[in-house]
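Before any comments, here is the structure.
The values are calculated or read from the model by the stated rules, or taken from the named source; none is laboratory data. Computed from a predicted model, the values in this text were never measured in an experiment. We place every Cβ from the backbone using ideal geometry, glycine too, and count neighbours over all the protein chains shown. To get the accessible areas, we keep the full protein, side chains included, count just its heavy atoms, and leave off ligands, DNA and RNA. Shrake-Rupley method; radii C 1.70, N 1.55, O 1.52, S 1.80 Å.
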Amino acid sequence: PMEAEAEARLLLQEARESIEAARSYRRELEQRLRGLHQARKQIRESATLTRDVLEQHFNDLKGTLKKLLDERLMSLLQEVDAIEQESIKPLDECQKLIEHGVSTADDLLREGESAVHGDVGQQNEKLCSFTKKALHIQLDSLPEVPSLVDVPCLSAQLDDCLLTILKNQIFRHGTVASCPPVQLEEFVEKPGGILVRWCKVDDDFIPQDYRLQYRKSTASHFEDVYVGLETEFIVLHIDPNVDYQFRVCARGDGRQEWSPWSVPQIGRTTLVPHEWTTGLEGYSLSSRRNIALRNDSQSCGVLYSKAPTYFCGQTLTFRQVLSGIETVGQPDRRDSLGVCVEQQNGYDSLQRDKAVCISTNGAVFVNGKEMTNQLPAVTSGSTVTFDMEVVQLGPSSNEGGNFKLRVTISSNNREVVFDWVLDQCCVSLYFGCSFSYPGWKVLVF
């Protein structure tokens with residue numbers, strides 16, 4: 001009985017394992033079936049879109065060609081009209097002159113016949129008058145009539161090779177590709193933006209430029225957002241929790257035309273955009289409040305973010321851009337770009353407690369103390385990034401926990417790494433900047 005019970009349990013276990021294997025197998029098959037449905041959908045939708053594009057393009061070509069042919073025909077007809085009118089005008093004048101001469105000759109004939117056959121008493125007087133008139137008219141003077149070889153004979157010269165050229169060009173116009181040489185690879189959420197990465201999938205294709213486009217899912221047209229050699233780009237001014245479609249293509253080395261577009265993919269960000277706070281007298285902000293310009297006001301202070309929107313695990317980027325003048329503002333050792341636990345008014349720099357920052361001369365400050373490691377100076381076009389991760393979260397107590405962040409600050413291809421110890425757990429941080437002199441303009445993302 002014990003052996004039978006053990007065998008029954010073994011069979012039951014094997015049956016359960018087989019059932020679970022069958023379920024897993026079914027799930028895998030269903031997943032593959034969904035993949036097949038998506039592949040079939042992609043083929044059919046892209047084929048329909050390609051047909052629409054081809055039909056629209058060739059209909060536009062037909063309309064344009066007809067318009068061009070009509071314009072050329074009208075130009076040639078106007079040229080024929082001009083030559084005809086110019087050539088007929090002297091013939092019309094000659095015809096009027098001849099017709100006037102015929103009329104004069106008819107009058108003279110009637111008068112001569114009347115003089116010859118008139119009364120004998122008046123015959124001499126009439127003959128004398130007729131003779132004088134005939135001598136005055138100069139009957140031996142005749143107008144010149146051009147011969148046929150001296151007048152224009154219009155004709156049209158039409159070169160049939162145009163049809164051959166058009167035929168050859170039309171038969172080579174347009175291609176249909178089933179596999180674009182580049183495809184979208186990854187979307188990374190950024191505050192108010194999306195980092196888009198793409199890759200080359202055709203090993204034989206040598207790219208010269210990439211071209212990235214995007215649109216809101218509710219929009220009808222794509223727009224260019226990047227053209228260049230990089231294989232990634234941060235698309236800013238993205239509304240949070242809104243779907244955007246992206247596509248990318250490339251231009252081969254030495255070619256003018258672009259490759260087919262990649263398969264459009266949807267990206268979105270759930271992170272609200274970084275914004276500077278408004279109202280500080282020494283700074284002017286852009287319409288989206290992600291760019292701050294140090295103006296020529298005499299007031300000073302730290303410009304903070306509107307909210308603590310920087311979270312550990314993200315990358316915070318400051319980029320120095322030109323402010324309409326040739327150079328950036330004059331540097332000062334109190335200048336700072338960085339992050340802090342909380343907003344503290346009354347300071348003219350982030351070089352204080354509960355903050356880490358970099359000065360425009362490249363000095364790094366942690367809780368107000370300058371580090372021995374130094375980064376390159378911040379200049380026009382410089383990009384400074386902050387990356388943080390939690391490395392230690394100590395036990396909490398009445399005095400607060402031991403909270404440690406590993407901070408990486410990068411500038412001009414160099415970086416410093418250090419641990420920032422705080423007495424409280426910080427889920428999110430503020431960012432800020434301070435400049436002593438006008439001309440500094442900072443974009444944050």
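Quick look at the numbers
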item: Pair list, Cβ under 6 Å, 6 or more apart: the stretch 423-438 residue in contact (Cβ under 8 Å) with a residue 40 or more places away in the chain and within 18 Å of residue 300 (Cβ to Cβ), other residue of a type in the set (Lys, Arg) and surrounded by 15 or more Cβ atoms within 10 Å (Cβ to Cβ); result: 435/294; 436/334; 438/294
item: Residue count for the stretch 130-177, restricted to those that are more than 30 Å from residue 62 (Cα to Cα) and not basic (Lys, Arg); result: 23
item: Qualifying residue in the stretch 61-70 (condition: open to solvent by less than 80 Å² (accessible area, probe 1.4 Å), of a type in the set (Asp, Glu) and within 40 Å of the chain's Cα centre (by Cα)); result: yes
item: Residues of the stretch 217-233 that turn out to be surrounded by 11 or more Cβ atoms within 10 Å (Cβ to Cβ) and under 14 Å from the mean Cα position of the chain (by Cα), as a count; result: 5
item: Condition check for residue 199: in contact with a strand residue (DSSP E or B) (Cβ under 6 Å, 6 or more places away or on another chain) and either surrounded by 10 or more Cβ atoms within 10 Å (Cβ to Cβ) or over 30 Å from residue 307 (Cα atoms) (or both); result: yes
item: Count of the stretch 372-386 residues which are over 11 Å from residue 360 (Cβ atoms) and either more than 27 Å from the chain's Cα centre (by Cα) or among the basic types (Lys, Arg) (or both); result: 5
item: All positions within the stretch 234-275 that are within 16 Å of residue 195 (Cα to Cα) and open to solvent by 60 Å² or more (accessible area, probe 1.4 Å); result: 237, 241, 264, 265, 266, 268, 270, 272
item: Near pairs, Cβ below 9 angstrom, 6+ apart or cross-chain, from the stretch 335-352 (closer than 22 Å to residue 425 by Cα) to any residue that is among the acidic types (Asp, Glu) and not in a loop (DSSP other than H, G, I, E, B); result: 351/370
item: Unmet criterion (only one of (1) aromatic (Phe, Trp, Tyr); (2) part of a loop (DSSP other than H, G, I, E, B); (3) open to solvent by less than 50 Å² (accessible area, probe 1.4 Å)) for residue 365; result: (2)
item: Residue list for the stretch 276-316, filter: farther than 13 Å from residue 193 by Cβ, hydrophobic (A, V, I, L, M, F, W, C) and open to solvent by less than 10 Å² (accessible area, probe 1.4 Å); result: 276, 292, 303
item: Filter result for residue 336 (more than 30 Å from residue 242 (Cα to Cα) and either at pLDDT below 90 or open to solvent by 80 Å² or more (accessible area, probe 1.4 Å) (or both)); result: no
item: The stretch 409-428, residues that are part of a strand (DSSP E or B) and under 14 Å from residue 310 (Cα atoms); result: 428
item: Residue 319, sole failed condition from (1) assigned to a loop (DSSP other than H, G, I, E, B); (2) surrounded by 14 or more Cβ atoms within 10 Å (Cβ to Cβ); (3) of a type in the set (D, E, K, R); result: (1)
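Yes/no per residue for (1) loosely packed, with under 10 Cβ neighbours inside 10 Å; (2) more than 27 Å from the chain's Cα centre (by Cα); (3) farther than 30 Å from residue 171 by Cβ:
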| site | (1), (2), (3) |
| --- | --- |
| 25 | no, yes, yes |
| 33 | no, yes, yes |
| 45 | no, no, no |
| 52 | no, no, no |
| 59 | no, no, no |
| 72 | no, yes, no |
| 76 | no, yes, no |
| 81 | no, yes, yes |
| 87 | no, yes, yes |
